[in-house]
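Some notes on the structure that comes next.
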Amino acid sequence: MPWIPRGVRDGIVTSRYPRQPDGFGPFFFGHVHVAPALGDGPEALADAVRACPTGAITLDGDAVRLDRGRCVLCGRCVVLAPGTFRADPGFETAAFERRELVVPPGEGDDAEVAAARARLARRVRGLRRSVHVRHVDAGSDGSEEWEVAALTNPVYDVQRLGVFFTASPKHADVLLVTGAGSAGMERPLRETYDLMPEPKVVVAVGVDAASGGMVGERYAARGGVAQLVPVDVFVPGSPPSPFGILHGILAAVGILGSRPHDGAEDPAGRSRT
Amino acid sequence: MTAEMADAEGSKGAASSAVVTFPATRRRVRDGARFCGLFALRRPAGGAQLLSVVSADGALVVEEVPVAAGERRYSSLAHEIPASGWYERRIRDLFGIEPVGHPRPDPLVFPVPPGAYAPLGPAGEPEAAMSPDLTPLAPHVHGEGVFAIPYGPVRSGVFEAVEYLLETSGEDIPHLRTRIFYKHRGVESRFAGMSADDGVLLAERVEGVASVAHALAFSAAVEQLGEVAVPLQAELVRVVHAELERVANHLDTMVRHTEAAGQAVAYAVFSHHKERVQRLRARLCGSRFGRGVVVPGGIGQSLRLRPAEVLAAIAPLQRRIEEDVRRLMGTPSFVDRLRGTGVLSRDDARRFAVVGPVGRASGEAEDVRTSRPYGAYARLGHRVVAHRTGGDALARQLVRIDEIAGSFHLVRQAADMLGELGEPASWRATVPPVSGRAIGWAEAPQGEVLSVVEADGGRLAQVTQRTASFHNLAAYPAAFPKDIFTDVAFIEASFGLSIAGAAC
């Protein structure tokens with residue numbers, strides 16, 4: 001049996017995340033950070049707005065905001081207006097409300113988001129120890145499936161956190177949805193959702209699932225999955241890294257040590273700006 | 001690239017004499033050319049231009065046929081050239097142009113409901129929401145005890161959405177149909193009006209697991225139109241990303257094979273190898289899928305590691321992968337599941353003009369990195385194309401194993417050359433506003449990708465990213481008749497195709 005010694009040869013390769021940060025973090029372009037103090041002239045900002053391929057940047061007077069639910073991480077704004085936009089490695093960008101993906105938060109957004117978190121936390125109170133996850137592809141580009149599947153490799157090994165993938169929607173607590181919301185998946189996705197028992201949580205994985213991403217809204221794409229099923233947590237990214245997806249699942253069901261449902265500040269350092 | 005109009009030659013099939021046809025394409029394919037695809041380009045006032053592309057003697061040969069607004073049909077090629085069957089169904093679904101005499105004209109990429117217009121046809125509205133017609137397909141197989149099993153689009157495990165319609169009388173699979181429309185997003189309609197710089201971002205997302213190859217094919221077409229010379233160093237960086245993409249995809253097929261075979265340790269080992277490759281890719285550019293690197297004219301960012309660091313990173317990676325591949329291929333309980341499974345005969349591979357590793361495992365040896373070398377491939381010593389004739393899942397696996405070694409070899413050569421050449425003055429040549437039509441290509445891990453780009457004054461008018469997945473999936477049912485249900489997972493994994501790319 002050559003496989004058994006082979007299996008132990010590399011020792012433990014599993015990440016300690018979320019208990020400890022993972023060494024891979026710094027290499028990954030996780031999100032665009034928007035500096036609160038504007039460091040660029042109006043021309044540079046206007047250039048960034050024009051260059052954004054998905055219209056994710058809005059400029060209202062002096063206030064610049066970035067919608068991570070649209071951002072495909074092309075990095076153009078980072079080059080054109082480096083005083084305002086910065087490419088950051090952080091992947092803990094999951095949001096409880098679509099509007100929470102727009103940074104920095106607008107007036108009153110924080111209160112709304114806190115309320116959404118609290119509502120979700122009440123609903124999932126019984127799920128904190130272990131959850132079963134069902135994945136449905138609703139028109140992804142295929143990369144999100146790789147990153148979701150990666151969660152079962154020995155590096156992420158989500159079983160250690162009580163997260164299991166399940167074949168049957170009737171056993172599922174969490175629905176992971178990828179893709180721009182293709183017209184053909186409208187009915188199968190809804191049927192899967194309806195078959196899941198309460199309480200159930202929907203996590204939209206990737207920028208395509210949040211807004212349609214580069215594909216947007218077409219005859220055959222619904223500009224995201226929120227039109228098809230009620231989404232509880234959005235994980236931005238194009239595609240998000242496995243860590244980002246894991247963070248989204250853990251945040252959604254309150255397994256994270258941070259217990260976001262308590263309304264306390266999130267020690268995992270979710271980037272809000 | 002040559003374009004020629006239909007010359008006088010008798011047409012076959014049920015077509016009426018008034019219907020346009022493709023005499024030169026039929027003749028060339030009879031003479032041994034490989035059919036590469038059939039495309040529709042929109043023309044003003046409800047007209048269209050049909051483009052058939054074949055590959056012969058190391059070049060792409062295009063035959064163009066105009067379709068008048070009132071006469072949106074042509075004589076189907078599918079009887080003579082089975083590889084064209086899916087293209088004709090796609091063009092019918094999306095553009096509403098009818099292939100007269102098609103043997104199996106079921107809807108394919110988007111079943112347009114009765115009374116609605118084809119989304120890219122003259123009366124179509126690509127931005128208005130439509131719902132596909134979900135009417136089940138009529139059975140193809142008749143006989144006592146024959147029943148149909150719809151498998152999908154939501155399947156157990158983390159898979160892309162696709163439905164396999166298995167028609168059987170027991171455990172064997174005499175007939176299989178693939179329904180890919182669930183994932184159709186209408187990507188082609190999105191390109192219109194974009195700049196080339198935005199277009200490449202969308203091209204990366206046509207088939208996300210082959211982002212680099214799609215960006216390469218698209219950029220090649222734009223660079224042809226702009227008559228741009230890409231800096232050599234940029235071409236070498238492109239090779240590094242494209243070949244690591246190939247390694248990751250080939251490892252993914254092994255992960256899926258070991259999962260299907262229930263080899264728990266091997267699954268853990270190979271998924272760890274794949275993760276290492278993905279992390280190396282992220283260290284090189286920030287994206288685990290090589291996104292944002294290839295842009296028209298060159299590259300958007302140079303490697304974040306020095307060439308010597310790249311070499312240092314891939315040496316242990318390759319050694320470990322090869323060690324474990326040897327161990328895996330020496331495990332009889334694994335190899336037995338692949339041997340003789342999902343045989344795609346040489347004849348079928350030829351008839352469907354199958355590309356990529358699947359074709360190369362059935363004797364169709366073309367690899368566009370060597371047959372129509374692009375970018376830096378002409379300067380690098382690419383190994384003799386890995387190629388077998390067994391046609392089963394094992395042969396496909398062996399081809400991929402050889403290709404992984406070939407890819408690492410190419411990365412090493414590219415890194416060496418980058419080290420010698422040093423930094424260029426610029427990583428990206430300026431691309432002028434482009435007009436006209438061109439076809440770019442690249443060898444994706446799944447096989448040849450074609451990008452048919454039509455542009456006007458720097459804006460894209462229409463772009464079709466023809467994926468190897470779409471092209472090869474047409475041949476998928478031909479690999480099934482001798483197999484049983486438990487082989488499905490192996491055959492699917494060994495084809496290694498992306499449904500997103502096939503259905504886009």
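Details
- Helices (runs of 4 or more DSSP H) fully within the range B:331-438 that include at least 1 residues being polar (S, T, N, Q): B:332-338, B:368-371, B:393-421.
- Taking the range B:329-362 as the range and being under 23 Å from B:Ser52 (Cα atoms) and in contact (Cβ under 8 Å) with a residue 60 or more places away in the chain as the test, the residues that pass are B:Asp348, B:Ala349, B:Arg351, B:Phe352, B:Ala353, B:Val354, B:Val355, B:Gly356, B:Val358, B:Gly359.
- B:Ala229 assigned by TED's automatic domain parsing to the domain that holds B:Leu460 and surrounded by fewer than 23 Cβ atoms within 10 Å (Cβ to Cβ): yes
- Residue match in the range A:117-124 (condition: surrounded by 17 or more Cβ atoms within 10 Å (Cβ to Cβ), facing chain B (nearest Cβ under 8 Å) and either part of a helix (DSSP H, G or I) or touching a residue at least 60 places away in the same chain (Cβ under 8 Å) (or both)): no
- Any hit, the range B:261-275, residues being assigned to a helix (DSSP H, G or I), touching a residue at least 60 places away in the same chain (Cβ under 8 Å) and under 17 Å from B:Met329 (Cβ atoms): yes
- The criterion of at least 1 residues that are within 14 Å of chain B (Cβ to nearest Cβ) and in contact (Cβ under 8 Å) with a residue 12 or more places away in the chain is met, among strands (runs of 3 or more DSSP E) falling completely within the range A:42-92, by A:85-88.
- Given (1) closer than 29 Å to B:Ser52 by Cα; (2) not in a loop (DSSP other than H, G, I, E, B), number of the condition B:Pro150 does not satisfy: (1)
- Count of the range B:181-197 residues which are touching a Ser or Thr at 6+ places or on another chain (Cβ under 9 Å) and at the interface with chain A (Cβ under 9 Å from one of its Cβ atoms): 6
- So B:Val240, is it outside any helix (DSSP H, G or I), among the hydrophobic types (A, V, I, L, M, F, W, C) and modelled with pLDDT of 95 or more: no
- Test for A:Ala167: is it modelled with pLDDT under 95 and either small (Gly, Ala, Ser) or surrounded by 19 or more Cβ atoms within 10 Å (Cβ to Cβ) (or both): yes
- For the range B:454-498, a residue qualifies if it is of a type outside the set (Asp, Glu) and in a strand (DSSP E or B), and the qualifying residues are B:Ala455, B:Arg459, B:Leu460, B:Ala461, B:Gln462, B:Val463, B:Thr464, B:Gln465, B:Arg466, B:Ile484.
- Considering the range B:471-504, and only residues there that are under 18 Å from the mean Cα position of the chain (by Cα) and β-branched (Val, Ile, Thr), the residue that is surrounded by the most Cβ atoms within 10 Å (Cβ to Cβ) turns out to be B:Ile499.
- Residue within the range B:279-290 that is touching a Leu at 6+ places or on another chain (Cβ under 7 Å), away from chain A (no Cβ under 11 Å) and not basic (Lys, Arg) present: no
- Hits in the range B:84-111 - residues which are crowded, with 22+ Cβ neighbours inside 10 Å and at the interface with another protein chain (Cβ under 10 Å from one of its Cβ atoms): B:Leu94, B:Val109, B:Phe110
- On the stretch given as the range B:203-246, residues that are among the basic types (Lys, Arg) and away from chain A (no Cβ under 13 Å) total 2.
- When A:Asp22 is tested against (1) in contact with a Leu (Cβ under 8 Å, 6 or more places away or on another chain); (2) within 23 Å of B:Val277 (Cα to Cα); (3) acidic (Asp, Glu), just one condition goes unmet, and that condition is (1).
- Subset of the range B:62-80 that is in contact (Cβ under 8 Å) with a residue 60 or more places away in the chain and assigned to a loop (DSSP other than H, G, I, E, B) - its residue that is nearest to B:Val29 (Cα to Cα): B:Glu80
- Residue in the range B:400-437 that is surrounded by the fewest Cβ atoms within 10 Å (Cβ to Cβ), counting only those that are within 30 Å of B:Ala361 (Cβ to Cβ) and β-branched (Val, Ile, Thr): B:Ile401
- A count restricted to the range A:140-181 and to residues that are within 19 Å of the chain's Cα centre (by Cα) and among the polar types (S, T, N, Q) stands at 4.
- Qualifying residue in the range B:467-480 (condition: in the same structural domain as B:Ala393 (by TED's automatic domain parsing), touching a residue at least 12 places away in the same chain (Cβ under 8 Å) and at positive phi): no
- Subset of the range B:278-295 [buried (at least 22 other Cβ atoms within 10 Å of the Cβ) and closer than 15 Å to A:Pro242 by Cα]: B:Gln278, B:Arg281, B:Ser287, B:Arg288, B:Phe289
The values are calculated or read from the model by the stated rules, or taken from the named source; none is laboratory data. Since we're looking at a predicted model, the values are computed, not measured. Virtual Cβ from ideal backbone geometry, glycine too; neighbours counted across all protein chains shown.
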